[in-house]
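Written out below as structure tokens is the structure these notes cover.
Bear in mind these aren't lab numbers, they're just calculated from the coordinates by the rules spelled out. Just so it is clear, the model here is predicted, and its values are computed rather than measured. Please note: Cβ atoms are built from the backbone with ideal geometry, for glycine as well, and neighbour counts cover all protein chains shown.
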Amino acid sequence: MDPQEARALVSSLDKRKFLEEFSRLVSSFAADPGNPGSYECKGCSRCANCMFSVDCEGCYGCTHCTRCVQCNNCSHCVDSTSLNACAYSVHSENCANSAYVYFSRNLSDCTYCFGSVGLAKKDFHILNVAFPRTEYFELVHKLKRELGVK
């Protein structure tokens with residue numbers, strides 16, 4: 001359909017026809033698990049412009065991510081959901097502009113946080129408590145071993 005025909009169709013829609021067309025588009029999108037613009041993604045569905053990712057769903061612009069859902073512009077994240085511009089995040093959710101966060105939620109502009117929630121612009125925190133850099137890495141190593149994660 002050319003743009004002029006599309007404009008004519010849209011301008012003639014009433015509420016019922018609009019909702020029917022919208023429903024058709026949603027169903028069509030849900031039925032297509034393709035990964036447009038992606039390269040070397042395996043087991044991914046509905047990811048766009050991603051590279052070298054595995055078993056991700058609904059991600060955009062991610063690279064080297066594994067089992068992530070609804071993440072955008074992330075790199076090397078694993079088992080995470082709704083991240084934005086994060087790197088090396090594991091088992092985390094709703095974080096933005098953060099890196100090296102594990103088991104964390106709702107972080108913004110944080111690095112090296114483990115099991116932290118709701119922090120902004122913080123580094124080297126475990127369960128929202130600040131630690132000196134060397135002590136942080138010692139404790140995280142112990143926690144990872146205890147939790148059975150890499």
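Which of the following values of log10 I(q)/I(0) by the Debye sum over Cα atoms at q = 0.13, 0.14, 0.15, 0.21 Å⁻¹ was calculated from the structure shown: [x] -0.66, -0.72, -0.78, -1.11; [y] -0.60, -0.70, -0.80, -1.51; [z] -0.53, -0.61, -0.70, -1.29?
[x]
Would you pull out the residues with amide H under 5 Å of VAL78's amide H, same chain only if 5 or more places away, H placed 1.01 Å from N?
Amide H to amide H, under 5 Å and 5 or more residues apart or across chains, VAL78 pairs with THR66, SER89, VAL90, HIS91.
Just from its helices, what would the mean residue ellipticity at 222 nm be for the chain, if runs of 4 or more DSSP H residues each count -39500 (n - 2.57) and the sum is divided by every residue, rounded to the nearest 500 deg cm²/dmol?
When only DSSP H runs of four or more count, the value is -9000 deg cm²/dmol.
For MET51 and VAL149 in the same chain, what is the full-extension length gain: residue separation times 0.36 nm, less their Cα-Cα distance, in nm? Walk me through the numbers on the way to the answer.
Details: separation 98, 0.36 × 98 = 35.28 nm, distance 2.44 nm.
Length gained between MET51 and VAL149: 32.8 nm.
So what is the relative contact order of the stretch 81-150, in percent, for Cα pairs below 8 Å that sit 6 or more residues apart? Walk me through the intermediate numbers first.
Numbers: 156 pairs, mean separation 11.4, N = 70.
16 percent.
What number, in percent, do you get for the relative contact order of the chain if the mean sequence gap of Cα pairs under 8 Å and at least 6 apart is divided by its residue count? Present the calculation step by step, with values, prior to reporting the outcome.
On the way: 350 pairs, mean separation 11.4, N = 150.
Computed over the chain, the figure is 8 percent.
Give me the net charge of THR134's neighbourhood, meaning all other residues with Cβ under 14 Å from the Cβ of THR134; Lys, Arg count +1, Asp, Glu -1.
On the way: positive: ARG133, LYS142; negative: ASP123, GLU135, GLU138.
Within the 14 Å Cβ shell, the charges total -1.
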